1. At 0.36 nm per residue, minus the direct Cα-Cα distance, what do F108 and M260 gain on full extension? Give it in nm, one decimal, please.
2. Which parts of the range 161-183 would a label at R249 reach, counting a residue when its backbone N lies under 19 Å from a point 7 Å out along Cα-to-Cβ?
3. Can you check how the C-alpha radius of gyration of the range 1-154 compares to 2.2 N^0.38 Å, as a plain ratio?
4. How far, in degrees from 0 to 90, does helix 252-261 lean away from the longest principal axis of the Cα atoms of the chain, to the nearest 10?
5. Any idea which of Y72, T62, A195 is furthest toward the positive side of the dipole for the chain, if Lys and Arg beta-carbons carry +1 and Asp and Glu beta-carbons -1?
6. Report the local net charge at K124: Lys and Arg +1, Asp and Glu -1, summed over other residues whose C-beta lies under 13 Å from its C-beta.
7. What ranking do 16-29, 239-252 get when scored by the average of other Cβ atoms within 10 Å per residue, highest first?
8. So how far apart, in nm, are the two label points at V278 and K124 if each is 7 Å from Cα heading toward Cβ?
Amino acid sequence: MKELLKNKVAVVSGSSMGIGKAIALELLQQGAKVLLNGRDREKLKSTKKEFAGLGYEVPVVTADIRSPEQCYFLIAETLKSYGRLDILVNNAGLSSRGSVEEMADMNFKLLSETNYTGAAHLSKYAIPYIKETQGNIIFINSAGGFRGMPYNSAYSASKMAQAGLADALRIELSDYGIHVGIAFVGFTKNDPQKAILDVDGSLVYLPKRTNLRLATPESVAQSVRQMIVKRKNSITLTGLGLFANFSIRYLPWFSNWLLMLNRGKIKRNITMIGGEKVKERTINSKKHEDVLSSSKVEI
Ligand SMILES: NC(=O)c1ccc[n+]([C@@H]2O[C@H](COP(=O)([O-])OP(=O)(O)OC[C@H]3O[C@@H](n4cnc5c(N)ncnc54)[C@H](OP(=O)(O)O)[C@@H]3O)[C@@H](O)[C@H]2O)c1
């Protein structure tokens, strides 16, 4: 196999499962050296073991990207492990559901800290090193990042903020040969462990999506790898994602009308889809704060 990213060093935030894990594996298969990240040490250890079984030894760092100090720590540990940094993939993300009126106050903060300011801090601390390698800063965004989406407002607003950051950064960094890419990802097959923020601030496992044509984490990862290699500014994935992009950009009145027309269906499909509550893992709990304070590198 051609190793398109031989000896490049990459850090992928939120790579213990789902799309981030698939991106990490794709980069490893293309010859890159990768560092994994997440908050849950056990989940990271199990991914590390799985990768070792495939022949890839990877360091893992537990760090919560909501904390600027831990973003700094994650980048510093990448430098300590590999001595350079070529690719930052801002993948770690959190999703939610529910109307603005009913939304727990904390949800707005958690979503913007994870999807927006977390990516901003990681990028800020990575820039000096990526300047040296003229590498890539990648943002894993969403088809929900094109415009405010009803009953998914806090998530889509945080992804729109992230998209704004990426656009600004691309211009700011253009004189340094740094590539800034953004992937607008459509509905993707979820890891069974994927949990989202419910309207009341609790975490709930996302029920399996059955009524949609889904991308796979592997196909998303391949598209992201292509974006990195070809230094594309932006990619949009899935048919629904492409349709949303086109209509929101070029026919905003039409997309507004369509959302207005389907608001009842959207409410039912997003807000009231059930899902088992995540036990022992409420994001506001002491347990979560413990994860925050105990971050460390394991090589
Ligand atoms: N799945 C989809 O349909 C879809 C569609 C469009 C866009 N996306 C975007 O794709 C990205 C990945 O989504 P996914 O579905 O793969 O998510 P996922 O299965 O929930 O995985 C999220 C990953 O991020 C980590 N993470 C979450 N919060 C973190 C934090 N504060 N600090 C560090 N790590 C954190 C999680 O590990 P810990 O919980 O252990 O921290 C996990 O490794 C997200 O940015 C999402 O918005 C997904």
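1. Extra length from F108 to M260 when fully extended: 52.4 nm.
2. Counting only backbone N, you get 161-171, 180-183.
3. Its radius of gyration relative to the 2.2 N^0.38 Å reference: 1.07.
4. 60 degrees
5. About the Cα centre, the residue reaching furthest to the positive side is A195.
6. -1
7. The most tightly packed comes first, giving 16-29, 239-252.
8. The answer from the label model is 2.6 nm.
FYI, it's all coordinate maths here, none of it is from the lab. Every value quoted in this text rests on a predicted model; they were computed, and no experiment measured them. Here Cβ is always computed from backbone atoms with ideal geometry, including for glycine, and neighbour counts include all displayed protein chains.
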